[in-house]
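Comments concern the structure below.
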Amino acid sequence: MKFEEMNISPALLRGVQEMGYEEATPIQAQTIPLLLDGRDVIGQAQTGTGKTAAFALPVLEKIDPANHSLQTLILCPTRELAIQVAGEIRRLASFTHGIRLLPVYGGQDIGQQIRALRGGVQIIVGTPGRVMDHMRRRTLRVDRVHTVILDEADEMLNMGFREDIETILQDTPVERQTALFSATMPPPILEITHQYQRDAQLVRVVKKELTVQNIEQYYFDVRPSYKAELLTRLLDMYTPHLSMVFCNTKRTVDELTALLQNQGYAAEGLHGDLKQQQRDRVMEAFRGGKASVLVATDVAARGIDVDDVDIVFNYDLPQDDEYYVHRIGRTGRAGKNGLAFTFISGREIYHLRDLQRYCHTRISPRPIPSLSDVNETRMENLFQEVGTIIETEDLTSYRNVLECRMEEHNYSAIDVAAALLKLHPVSRDLNSDDMMPASPRVLHDAEEGMVRLFLNIGKEQGAGPGNIVGAIAGESGLPGKIIGSIDMHDKYTFVDIPKDHAREVLYSMRNAKILGKPVRMERATQKSTSERKWKTRNR
Ligand code: ADP
Ligand code: MG
């Protein structure tokens, strides 16, 4: 359906055109006419389907520019979304005169907001808490409001805004038009609907349209303790400009973000416990390309609109099948091809089968890439880049410089290329990893094929070799017999582990306790030079 076929004024249609929207998305096509008609509406569609414009256009259409009182109240769960929605409304209204809009959210100077409100505002896009605050102060009056929009309603309820929302709704005139938009419809939403909407029309964009056609989906069967390693291998192989990594808990988000950062990846974490300021910083870094890997929980990522995500990783299998669709829908937008990788382990394969049935999609298995696969791919990518540069760019000045230097020092082209390659590392090996940023002083060397690890617990705390073997075997799932020599001191212990398992052990031990005490395990080497290498690697 075309926007021109709807009852939208020419100025707004120009705004739509400026945004580059060719035709209405299904949720827009179905809700805009109802909203223009004055009906109460419940709109359910997945993230990224254009729900904002679905309500923004009717809202703008119904504002009376001559009337300076508050006419429309739009509630959003977070400051970020309030800013995003306000921005979209402003852009749609670029050719419409006399619209006065104000985003209102916590964390912003309230005095400044009060002054802005005094100037007369017709549309408020705000978070429930701050809107309530203004209502209590009587700096915001809702008695002339004719339209209320609850955007991302499920999210607002998740965040505990139910009471605030009800109080706000109770204070607005009963004859108002109320529209609610949400990605999911849990029971509490239906309760709000029954209580505060009148004869609401339910518009659901059905699942079939939700499943995403142009996204290639694969899964990897991987031991939990090996997931982080797999993730870094895939990041190295595919070198996505932007990727999102979904985890089920805040704790995993924090830990994985720290681990990726330690290994030199431009990663940022996002979850509900972060202060708004931190969230803003993270999103800015991600949108601006300063961060390329966004690690997030479902809740934190919901409603955040970022295009151009090359790969979505399901680091944990989503708890709700519907989330799978929401998650992978972040990639493959705007006609581009997307890629989604899901990590499962053991019995989760059964869950994955159900998920495929539910989402009407196919997720194919992929073998875990070996380090030589990773290196080969990286080398191949590099040579492809090199080839393109040789064929398409003017390298005369570089050539001249190189010719002079090579002659002066009597280097061959191969010597120079090899050295440059070393400067621009494309390969990694198990010896170069450092999971932990700082490592303690070196003592003695490990046996051949083994890596020496340090543990900050020793004889003084009552630990014996049995406790150490038990903890490592228990956390990593590896048989105790692969553990090499254990050298116990008063306050610390050295343990030899086969090289191939070092990463796995280190990662699995990150939350381990011995004798009830949390312990820290790291590589027993001097602050390794490879750390610098990883840090400076440009992503
Ligand atoms: P939702 O609220 O459903 O998660 P948004 O309103 O944030 O989705 O829209 C997601 C993206 O789609 C935005 O970048 C928006 O500008 C774009 N968009 C919205 N409507 C259309 C349309 N009709 N055609 C093309 N892009 C659209
Ligand atoms: Mg939205």
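The values are calculated or read from the model by the stated rules, or taken from the named source; none is laboratory data. Just so it is clear, the model here is predicted, and its values are computed rather than measured. A quick note on method: Cβ atoms are made from the backbone with ideal geometry, for glycine too, and the neighbour counts reach across all protein chains shown. What goes into the accessible areas is simple: the full protein's heavy atoms, side chains included, and nothing from ligands, DNA or RNA. Shrake-Rupley method; radii C 1.70, N 1.55, O 1.52, S 1.80 Å.
Give the stretch 362-389 a look and list any residue that's open to solvent by 100 Å² or more (accessible area, probe 1.4 Å) and in a helix (DSSP H, G or I), or say none.
Correct list: Glu376, Glu380, Phe383, Gln384, Glu385.
Search the stretch 144-157 for residues that are farther than 14 Å from Thr178 by Cα and pair each with any residue that is more than 16 Å from ligand 1 (Cβ to nearest atom) and outside any loop (DSSP other than H, G, I, E, B) when their beta-carbon atoms are under 6 Å apart and the residues are at least 6 apart or on different chains.
Qualifying pairs under 6 Å: Leu157/Pro188.
With respect to Ile168, determine if the residue is surrounded by fewer than 17 Cβ atoms within 10 Å (Cβ to Cβ), out of contact with any Asp or Glu (no Cβ under 6 Å at 6 or more places or on another chain) and closer than 24 Å to Gly87 by Cβ.
no
From the set of residues in the stretch 52-81 that are modelled with pLDDT under 95 and touching a strand residue (DSSP E or B) at 6+ places or on another chain (Cβ under 9 Å), which is most open to solvent (accessible area, probe 1.4 Å)?
Among those that are modelled with pLDDT under 95 and touching a strand residue (DSSP E or B) at 6+ places or on another chain (Cβ under 9 Å), it is Arg79.
Quick one: Leu70 ticks every box in (1) of a type outside the set (S, T, N, Q); (2) assigned to a helix (DSSP H, G or I); (3) in contact (Cβ under 8 Å) with a residue 60 or more places away in the chain except a single one, so which number is it?
Here Leu70 clears every test but (2).
Which of (1) part of a helix (DSSP H, G or I); (2) in contact (Cβ under 8 Å) with a residue 40 or more places away in the chain; (3) among the polar types (S, T, N, Q) does Gln113 not meet, given it meets every other one?
Gln113 satisfies every listed condition except (2).
Scan the stretch 261-279 residue by residue and report those that are crowded, with 22+ Cβ neighbours inside 10 Å and aliphatic (A, V, I, L, M).
Ala267, Leu270, listed by residue number.
Would you mind stating whether Lys499 is open to solvent by 50 Å² or more (accessible area, probe 1.4 Å), touching a residue at least 40 places away in the same chain (Cβ under 8 Å), farther than 25 Å from Leu371 by Cβ and within 35 Å of the chain's Cα centre (by Cα)?
no
Among the residues of the stretch 293-305, how many are open to solvent by 10 Å² or more (accessible area, probe 1.4 Å) and assigned to a loop (DSSP other than H, G, I, E, B)?
3
Within the stretch 83-122, how many residues are within 20 Å of Ile165 (Cβ to Cβ), within 16 Å of ligand 1 (Cβ to nearest atom) and touching a Lys or Arg at 6+ places or on another chain (Cβ under 9 Å)?
Of the residues in the stretch 83-122, 1 are within 20 Å of Ile165 (Cβ to Cβ), within 16 Å of ligand 1 (Cβ to nearest atom) and touching a Lys or Arg at 6+ places or on another chain (Cβ under 9 Å).
Can you confirm whether the stretch 150-158 contains a residue that is modelled with pLDDT of 95 or more, under 30 Å from the mean Cα position of the chain (by Cα) and more than 15 Å from ligand 2 (Cβ to nearest atom)?
no
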